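Please read the structure below before turning to the comments.
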Amino acid sequence: MASLLVLTMIVVAACGGNNNGGGTNGGNSGGAGGEEQVTLTLSHPWTSPNPDNDVYKARIAAFEEANPNIKIEQDAVAAAQYKTKLFTLATANNLADINVVWPGADLDPLTSGDLLLPLNDYMDNWDGLVREGSLTGYNVDGNQFAIPTKQNYVDIVYYNKELLAQVGYDTFPETYADFIDMVKKLKEAGITPISLGNKEKWPLQSSYISVLAQRFGGADFLEKVVAGEAKFTDPEFVSAVGVIDELTKLEAFNVDANNMDSVQAQDYLIQGKAAMHISSATVDARIRTNNEEGDKFGIALFPSVEGGKGEAGIAAGVSQFGIAISSQLDEAKQEAALKFLEFFVSEDLYQDLTAAGILVPADIEPNSDINPYLQEMMELTSKGSTPVFDAVVPTAAAKELENGLQAITIGRSTPEEVAASTQDELGN
């Protein structure tokens, strides 16, 4: 906090009456007479009707109300297209003033071109609030480039307890062999085993392969591949992709999987049209927390696999929606953007997300009792995490995998072919 106030005092003192220097007063909540109006552009993917997206939008509105001299002009892009647009704008050196970014490989194109503002001088604002481990993915060569807003696990298995009970399962299977037996029994009973919305292509890559690569290859398999110490053509990864092939041949997915988006697939589960749905921890708010019939659904992680190198009970996790500031701003805009960042990513945001049933990368004492569904999610994911595929692997290789997985679901490719093409795209 102190460092941000010092910056504000320096900027105000230096600007004086110079209109080019920016006259926003970062030391108060805004709205004082005579303050120069500043417009900031904010690029984000908060378009779908998820509870966390509602929290983010409400926080933006609260900032504008508290700071009437700062207008936030939002560029909202659907999640499936967001990263592509972000990287396109980065290539053209035309990023928004404030951007939602991802860690690891997805951050590299932005930091390698010096497009983001290092936040090292302002980290006191989040000291003791945001967990150190959650900041790591947004730190490159000792420079902190973004502050994450939520913790997510992408591979939660949501299941309809009643439908599983119909085929003799009171608990979720602990082994892959038992899981496949359950899938077969559900099919025999005329029940769609798994709802999948793969129109956007990322679900199979993110929610399935992230954890399957860990189960077969171990927690560090993806990192080894990127470092050139392992390959996607190794048997472990071919076996991971083989799960998608096996589920496809068992007709485990809904027939319209590639014409349906992820939200529609959630609806299939909620409406009782499928027994399971594999997605992120975020959607628990929609499936259970804000659903009058939420108790009908249980949660689990993908079971252990025979001969696999990875520990069962590990989830694929990532600190998401980092807020980053462009390095190309003038003094007035930079001051306003830092003020927004401090206001937006705060304990209030984390409290609101927690109240909405969303996991956060922060150490907070909830203002109210934790929702029992959130408590269950925290316990389920407490054993540790493995990296999410597209947070570690370069975007081009992740997209190649997505296309290949979709091809498998329509019988136009094999696990071996998909593994080989993904390795070729990685190029090491």
Subset of the range 373-382 (residues that are over 19 Å from the mean Cα position of the chain (by Cα) and surrounded by fewer than 13 Cβ atoms within 10 Å (Cβ to Cβ))
GLN375, GLU379
Residues located in the range 264-287, provided they are surrounded by fewer than 17 Cβ atoms within 10 Å (Cβ to Cβ) and at pLDDT below 95
none
Given the criterion among the charged types (D, E, K, R), farther than 28 Å from LEU163 by Cα, at pLDDT 95 or above and touching a helix residue (DSSP H, G or I) at 6+ places or on another chain (Cβ under 9 Å), identify the matching residue among ASP234, ASP295, ASP245.
ASP234
Go through (1) touching a residue at least 60 places away in the same chain (Cβ under 8 Å); (2) assigned by TED's automatic domain parsing to the domain that holds ASP284; (3) assigned to a helix (DSSP H, G or I) and name the single condition LEU374 misses.
(2)
Which number in (1) without any contact (Cβ under 8 Å) to a residue 24 or more places away in the chain; (2) part of a helix (DSSP H, G or I); (3) surrounded by 14 or more Cβ atoms within 10 Å (Cβ to Cβ); (4) aliphatic (A, V, I, L, M) marks the one condition that ALA420 misses?
(1)
For the range 244-263, name all the residues that are touching a strand residue (DSSP E or B) at 6+ places or on another chain (Cβ under 9 Å) and surrounded by fewer than 15 Cβ atoms within 10 Å (Cβ to Cβ).
GLU251, VAL255
Being of a type in the set (Asp, Glu) and either within 30 Å of LEU40 (Cβ to Cβ) or in the same structural domain as LEU110 (by TED's automatic domain parsing) (or both) narrows it down to one of GLU331, GLU292, so name that one.
GLU331
With the structure loaded, tell me whether LEU338 is among the aliphatic types (A, V, I, L, M), buried (at least 19 other Cβ atoms within 10 Å of the Cβ) and assigned by TED's automatic domain parsing to the domain that holds LEU212 or whether it fails that test.
no
Based on this model, can you work out whether VAL263 counts as in contact with a His (Cβ under 9 Å, 6 or more places away or on another chain), of a type outside the set (S, T, N, Q), closer than 30 Å to LEU110 by Cβ and assigned by TED's automatic domain parsing to the domain that holds THR192?
no
Looking at this structure, is SER262 among the polar types (S, T, N, Q) and under 26 Å from ILE408 (Cα atoms)?
yes
With a cut-off of at least 2 residues that are crowded, with 17+ Cβ neighbours inside 10 Å and of a type in the set (Val, Ile, Thr), name the strands (runs of 3 or more DSSP E) lying wholly within the range 106-217.
156-160, 192-195
Taking the stated definitions as given, is SER421 polar (S, T, N, Q) and under 18 Å from ASP155 (Cβ atoms)?
no
Are there any pairs with C-beta distances below 7 angstrom linking a residue in the range 225-240 that is closer than 16 Å to ALA397 by Cα to a residue that is modelled with pLDDT of 95 or more and polar (S, T, N, Q), with the two at least 6 apart or on different chains, and if so which?
LYS231/GLN423; PHE232/THR422; PHE232/GLN423; THR233/GLN423
Being crowded, with 19+ Cβ neighbours inside 10 Å and of a type in the set (D, E, K, R) is the filter here; which residues of the range 288-330 pass it?
ARG288
Positions within the range 400-417 being of a type outside the set (A, V, I, L, M, F, W, C) and either surrounded by fewer than 18 Cβ atoms within 10 Å (Cβ to Cβ) or at positive phi (or both), in sequence order:
ASN403, GLY411, ARG412, THR414, GLU416, GLU417
Considering only the range 398-407, I want to know if a residue exists there that is over 17 Å from LYS150 (Cβ atoms), over 18 Å from the mean Cα position of the chain (by Cα) and not in a helix (DSSP H, G or I).
no
For the range 170-190, indicate whether the set of residues that are closer than 23 Å to GLY427 by Cβ and either in the same structural domain as GLU246 (by TED's automatic domain parsing) or at pLDDT 95 or above (or both) is non-empty.
no
Any residue at all in the range 181-198 that is over 27 Å from GLU162 (Cα atoms) and in contact with an Asp or Glu (Cβ under 9 Å, 6 or more places away or on another chain)?
no
Report, by residue number, each residue of the range 144-177 that is within 30 Å of ASP348 (Cβ to Cβ) and either out of contact with any strand residue (DSSP E or B) (no Cβ under 8 Å at 6 or more places or on another chain) or not β-branched (Val, Ile, Thr) (or both).
GLN144, PHE145, ALA146, PRO148, LYS150, GLN151, ASN152, TYR153, ASP155, TYR158
Go through (1) surrounded by fewer than 17 Cβ atoms within 10 Å (Cβ to Cβ); (2) farther than 30 Å from GLY357 by Cα for ASP75 and report which single condition fails.
(2)
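Residue-by-condition table, conditions (1) more than 22 Å from PHE340 (Cβ to Cβ); (2) of a type in the set (Val, Ile, Thr); (3) modelled with pLDDT of 95 or more:
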position: GLU64; (1), (2), (3): no, no, yes
position: GLU73; (1), (2), (3): no, no, yes
position: ALA76; (1), (2), (3): no, no, yes
position: ILE98; (1), (2), (3): no, yes, yes
position: GLY104; (1), (2), (3): yes, no, no
position: ASP108; (1), (2), (3): yes, no, no
position: LEU115; (1), (2), (3): no, no, yes
position: TRP126; (1), (2), (3): no, no, yes
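The values are calculated or read from the model by the stated rules, or taken from the named source; none is laboratory data. What you are looking at is a predicted structure, and each value in this text was computed from that prediction instead of being measured. Backbone-built Cβ (ideal geometry, glycine too); neighbour counts: all protein chains shown.
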